[in-house]
Amino acid sequence: MKISVIASGSNGNCCLIENNSSSVLVDAGKSGREIESRMGKLGKSLEDVNGIILTHAHHDHVAGAGVLSKRFGIPLYMANETYAGTKLKLGKIEMKMFSVNKSFKIGSLRIKPVITSHNVSSCGFVFGKFGIFTDTGIVTKQMERTIPKLNGVLLESNHDIDMVINGHYPAFLKKWILSDEGHLSNIHASSLIQEKGKKLSLVLLGHLSGNNNSPDVAKNTFEKLVKRKIEYAVCSRDEESGSWSL
Ligand SMILES: [Zn+2]
Ligand SMILES: [Zn+2]
């Protein structure tokens, strides 16, 4: 299996998962043009993508989904309740609904949704031994059960708690970020890896905030809290991060 991080951050998310015969985009939270260009730099083509699946309906996950789906004839997969929240002018595209409680297949890729705590029917996804979990205020029971079985994750490491508290965001926004339906902090992400990720050989820290985090701060927290030797990378907010095999 190959994982390519096209975009990751509170300013846009998109990740390509491929096996030998099938290929899926998780979220498309940049403009269609930007996603196409970044994929090109990694030697990937949207012509080969069999489906776009959405974790939830926030702009940083859906911005280019409708355009790409239409332009390349790629079916768009989302949870039933997510559709109501997209407010996307989707036009004529092929839409497929899934239930967050049930696995489904796109080509030969089996996809298991894992419930997160963030938005209506928000979820992460597991592909075999690899999981994507971003946008969750807490580590849900389902995540806790799933992570010990995985060899690789793309995990949200959104903010440094002190940077949020001491930062310039309005009080309501700070409260939401730190709430159970907000985002996962560096400490929460790295503690989860240390405590539950016994089989992990690859960790990609993603969905970093631009104002309340930095790659160095996320990296330092990870290195302080995670005591095992694991290949890891902090995903870039500004460009494609690269491809990894698992
Ligand atoms: Zn997000
Ligand atoms: Zn979100």
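General observations
- Within the chain, helix-based [θ] at 222 nm, where runs of 4 or more DSSP H residues each add -39,500 (n - 2.57), nearest 500: -7500 deg cm²/dmol
- Cα-centre dipole for the chain with unit charges at Cβ (Lys and Arg positive, Asp and Glu negative), debye to 20: 700 debye
- The chain - share of DSSP beta bridges that are antiparallel (%, nearest 5): 50 percent
- In terms of surrounding Cβ atoms within a 10 Å radius of their Cβ, H188, H168 rank from fewest to most as H168, H188.
- Divided by 2.2 N^0.38 Å, where N counts the residues, the Cα radius of gyration of the chain comes to 0.93.
- Estimated FRET transfer efficiency (L42, F104; beta-carbon r; R0 30 Å; 0.05): 0.70
- Local net charge near L109, Cβ-Cβ under 13 Å (Lys/Arg +1, Asp/Glu -1): +3
- Note on S31/K224: beta-carbon distance plugged into 1/(1 + (r/R0)^6) with R0 of 45 Å gives a FRET efficiency of 0.75.
- The mean sequence distance of close C-alpha pairs (under 8 Å, at least 6 residues apart), as a share of the length of the stretch 2-245, puts its relative contact order at 20 percent.
- The gain in end-to-end length when the E181 to K198 segment is fully stretched comes to 3.5 nm, 0.36 nm per residue minus the alpha carbon separation.
- Given charges at Cβ of Lys, Arg, Asp, Glu: the stretch 2-245 dipole, positive-most of N50, S190, G12: N50
- Test item: Cα-centred dipole of the stretch 1-133, Lys/Arg +1 and Asp/Glu -1 on Cβ, debye: 120 debye
- Simple spin-label estimate for F72 and N50 gives 1.4 nm between the two label positions (7 Å along the Cα-to-Cβ direction from each Cα).
- Put a dot 7 Å past the Cα of S21, heading toward its Cβ, do the same for D162, and the two dots end up 5.3 nm apart.
- The DSSP beta bridges internal to the stretch 29-134 are antiparallel in roughly 60% of cases.
All of the numbers you see were taken from the coordinates with simple rules; none came from a lab. Bear in mind that the values here come from a model prediction, so they are computed numbers and not experimental data. A quick note on method: Cβ atoms are made from the backbone with ideal geometry, for glycine too, and the neighbour counts reach across all protein chains shown.
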